[in-house]
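**Q** Please see the structure below; I have some questions.
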Amino acid sequence: MAQSARITQETIEKLESSGLSALAVHLGSLDDRSAHALLEQLELFDLDEIGLLVDRYGNNYVPPSASGDIKPADCFALDGGWDRETYGTKGADLVKGGKVACFVVAGGQGSRLGYEGPKGCYPTSCVRGKPLFQLFAESIRASELKYGTSIPWMIMTSPLNHDATRAFFDEHDHFGLDPKHVLFFNQGVMPSFDKDTGDLLLSNPTTLATNPDGHGGAYKAMADSGALDTIQAMGVEHVSYFQVDNPHAKIIDPTFLGLHAFAPESSGQMSSKMVAKASWDEKVGVFCKVNGRTSVVEYSDLPEALAKQTNTDGSLSFNAGSIAIHAISTRFIRDVLADSDTALPYHRAVKKVPYFDTGSGSLIDPIEPNAIKLERFVFDALRVADRSIVMETDRVEEFAPVKNATGTDSIESSKRIQSERAARWLESLGVSIPRDAAGTVDATIEISPLTALGPEDLKDTDLPDSIEPGASIVL
Ligand code: UTP
């Protein structure tokens, strides 16, 4: 038997023994050239593992329930009771010493926003329409200048947007950052499979339909790409993690980094930021103590009775909404990787995935969700940290997400929050801001990260006494 025919036969047997028989039949029906193309992709996966996952997350799926002892997580409150200044100084020393890198996860499909390109290229700032990547780059550059250091930036992409993301940075000269310190890498993918039959879906006769493996794929992607080795070789000990959809992410926050690395309540492994939930049913994960360990419980998994529970002053007991900002030590990333099956379980989502139908030989665009996608979540690793702290922050200051095309967490709502934050900074310095009867800012105000990362950076800036109603201002 020719070598290629032998490999095809071996793979067919492997697929059959892994319970992936439909794909085995399809592979057997292909000519040599087509079979070779499909085999190349199949080699990237552990077929035994895929077979087990299909079995577990397909028809035999048992939904997880937030069980055990669930309590609200302790938080370092916004209104104090802890030594903000000392931790700020210690965190600033970490940054100045080159011990901090930043990391944005930008591999998602961004389907809710419905934008063609990578989400990071989406025009987002409220006056100039600067793309998210530019806002982050300028914020990092401003931090480099403020702390007199260089700060490596890791950008995780997926095969869907890797080339377009790199090209965007090349076109814009990396927005003034040193290209040597901007590390792009691809995350992994998982095969999508039919929700009823468990058959792996094909996007064409020789290619499996795949989906990015979730933001939790970040741990493996950092290691596999060599980015983790690179930043460790540069002396980095902590990573400041954020999502591509939040233009208000305070990428370098010395207070948070200091608390994460030095508070006795923290093991310095993985820490998080929270904002007070807007309502009991806001669709954000909530920081809880589950069986004594800090965890994020997804809004859909938090029992309604707990979500609605209040304290004696009427505030929500489970109030700590996650804004997906974490500090993670490089050492902890290695620990998580060593134990990723326990630390990072897969989560399933039922979605619409177009597929090549081997029976009819045509491409099908399903009307209803037809497929299961498996993803890992970055925050699941919190549960394997020894002691993990949560710091409260102000919603307007640090959370202006752009997730949807319209409505909640859309570009319109994000722009309103951007102007509100800028207005607050200016008001704290005595500038008079026009507001309507409901208190909403009646102007559009953009403050470049290169001008200020916070109100303290505006003290030496020439500011107007007041802003005209309806004005559009850029500082
Ligand atoms: P979301 O959960 O908002 O998913 O990702 P998404 O894919 O971007 O958007 P939708 O749900 O299709 O509308 C939160 C963050 O995690 C990143 C996203 O890029 C975003 O920064 N992410 C998500 C990845 O990097 N990889 C993934 O596989 C999933």
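**Q** If the only charges are +1 at each Lys and Arg Cβ and -1 at each Asp and Glu Cβ, what is the size of the charge dipole of the chain around the Cα centre, to the nearest 20 debye?
**A** It works out to roughly 460 debye.
**Q** Turning to a different aspect of this structure: Decide, for segment 191-329, between rounded, prolate and oblate: order the square roots of the alpha carbon gyration tensor eigenvalues as a ≥ b ≥ c, take rounded if a/c falls under 1.5, and otherwise choose prolate if a/b is larger than b/c, else oblate.
**A** Cα axes put segment 191-329 in the oblate bin.
**Q** Would you mind checking the tilt of helix 3-17 against the longest principal axis of the Cα atoms of the chain, expressed as 0 to 90 degrees and rounded to 10?
**A** 70 degrees
**Q** Given +1 on the Cβ of Lys and Arg, -1 on the Cβ of Asp and Glu, and no further charges, what dipole in debye does segment 70-145 carry about its Cα centre, rounded to the nearest 20?
**A** 240 debye
**Q** Once you order the gyration tensor axes a ≥ b ≥ c over the Cα atoms, which shape class does segment 106-254 get: rounded for a/c under 1.5, otherwise prolate or oblate by comparing a/b with b/c?
**A** Prolate, since a/c reaches 1.5 and a/b exceeds b/c.
**Q** What are the residues whose amide H is under 5 Å from the amide H of MET274, where those residues sit 5 or more places off or on another chain and H is modelled from the backbone?
**A** Placed amide hydrogens put MET391, GLU392, THR393 under 5 Å from MET274.
**Q** Choose one of PHE332, SER432, THR444: the residue whose Cα lies farthest towards the positive end of the charge dipole of segment 315-470 (beta-carbon charges +1 Lys, Arg; -1 Asp, Glu; about the Cα centre).
**A** Of PHE332, SER432, THR444, it is PHE332.
**Q** Let me know the shape class of segment 222-268, please: from the alpha-carbon gyration tensor, a ≥ b ≥ c as square roots of the eigenvalues, rounded when a/c is under 1.5, otherwise prolate if a/b is greater than b/c, or oblate.
**A** Oblate, because a/c is 1.5 or more while a/b does not exceed b/c.
**Q** Name the residues whose placed amide hydrogens come within less than 5 Å of the amide hydrogen of SER472, ignoring near sequence neighbours (fewer than 5 apart) on the same chain.
**A** THR444
**Q** Let me ask another. List the lysines whose Cα sits under 16 Å from the Cα of LYS96, skipping any in the same chain fewer than 8 residues away.
**A** List returned: LYS146.
**Q** Using the basic label-point model (7 angstrom from Cα toward the beta carbon), what is the TYR61 to ALA223 distance in nanometres?
**A** For TYR61 paired with ALA223, the spin-label model returns 2.7 nm.
**Q** Further question on the same structure: So what does the Cα-only Debye profile of segment 1-154 read at q = 0.21 Å⁻¹, as log10 I(q)/I(0), no solvent term?
**A** These q points yield log10 I(q)/I(0) values of -1.22.
**Q** Tabulate in residue order the Karplus-calculated ³J(HN,Hα) for segment 200-206, using 6.51 cos²θ - 1.76 cosθ + 1.60 with θ = phi - 60°, rounded to whole Hz; enter x for Gly and Pro.
**A** Per-residue couplings from phi come out as 5, 8, 10, 8, 7, x, 10 Hz.
**Q** Which value, in debye to the nearest 20, gives the size of the charge dipole of segment 1-80 about its Cα centre, when Lys and Arg are +1 and Asp and Glu are -1 at the Cβ?
**A** 180 debye
**Q** Whole-Hz Karplus ³J(HN,Hα) for segment 96-101, in order, using 6.51 cos²θ - 1.76 cosθ + 1.60 and θ = phi - 60°, x for Gly and Pro?
**A** In residue order, the calculated couplings are 4, x, x, 9, 10, 10 Hz.
**Q** Between the alpha-carbon centers of segment 195-268 and segment 407-475, tell me the distance in whole angstrom.
**A** 32 Å
**Q** Restricting the count to DSSP beta bridges whose residues both fall in the chain, what percent are antiparallel, rounded to a multiple of 5?
**A** Counting only bridges with both partners in the chain, antiparallel ones make up about 60 percent.
**Q** While we're here: What residue among THR165, PHE193, TYR147 has its Cα farthest toward the positive end of the dipole of segment 145-214, where the charges are +1 on Lys, Arg and -1 on Asp, Glu, each on the Cβ?
**A** The one lying farthest along the dipole's positive direction is TYR147.
**Q** So what's the convex hull volume per residue for the Cα atoms of segment 189-251, in Å³?
**A** Roughly 132 Å³ of hull volume per residue.
**Q** Treat segment 381-475 as a sphere of radius equal to its Kirkwood radius over Cα pairs and apply Stokes-Einstein at 25 °C in a medium of 0.890 mPa s; give the translational diffusion coefficient in µm²/s, rounded to a whole number.
**A** So the translational diffusion coefficient is about 163 µm²/s.
**Q** Right, next: If you only keep lysine pairs separated by 8 or more in sequence, or across chains, how many in segment 248-374 come under 12 Å at the Cα atoms?
**A** So the count works out to 4.
**Q** Further question on the same structure: Angle check, please: helix 47-57 long axis (alpha carbons) against the longest principal axis of the chain (alpha carbons), in degrees 0 to 90, nearest 10.
**A** Tilt relative to the chain: about 70 degrees.
**Q** If you bin every alpha carbon distance in segment 413-452 into 5 Å steps from zero, what whole percent lands in each bin?
**A** All Cα pairs considered, the percentages come to 6, 25, 33, 26, 8, 2, 0.
**Q** Apply the Karplus parameterisation 6.51 cos²θ - 1.76 cosθ + 1.60, with θ equal to phi minus 60°, to every residue of segment 147-157 and state each ³J(HN,Hα) to the nearest whole Hz, in sequence, with x for glycine and proline.
**A** 9, x, 8, 10, 10, x, 10, 9, 10, 8, 10
**Q** Under the Kirkwood approximation for Rh and a Cα-based Rg, what ratio Rg/Rh is obtained for segment 157-233?
**A** A ratio of 1.10.
**Q** Let me ask something else. When the chain is fully extended, how far beyond the present Cα-Cα distance does THR358 get from ALA437, taking 0.36 nm per residue of separation?
**A** Working it through step by step, the gained length comes to 22.3 nm.
**Q** Taking the chain as the reference, fit the longest principal axis to its C-alpha atoms, fit the long axis of helix 411-427 to the helix C-alpha atoms, and give the angle between the two in degrees, 0 to 90, nearest 10.
**A** It works out to around 30 degrees.
**Q** With viscosity set to 1.567 mPa s and temperature to 4 °C, compute the Stokes-Einstein D of segment 244-308, Rh being the Kirkwood radius across alpha carbon pairs; µm²/s, no decimals.
**A** Translational D for this selection: 93 µm²/s.
**Q** What is the log10 of I(q)/I(0) for segment 303-425, computed with the Debye formula using one identical point scatterer on each Cα and no solvent, at q = 0.11, 0.19 Å⁻¹?
**A** Log10 of I(q)/I(0), two decimals: -0.71, -1.20.
**Q** Rg/Rh for the chain: what does it come to with C-alpha atoms and Rh from Kirkwood?
**A** My calculation puts Rg/Rh at 1.00.
Since every read-out is calculated from the coordinates, none of them should be taken as a lab result. For clarity, every value in this text was computed on a predicted model and none was experimentally measured. So basically every Cβ, Gly included, is an ideal-geometry build from the backbone, and we count neighbours across all protein chains shown.
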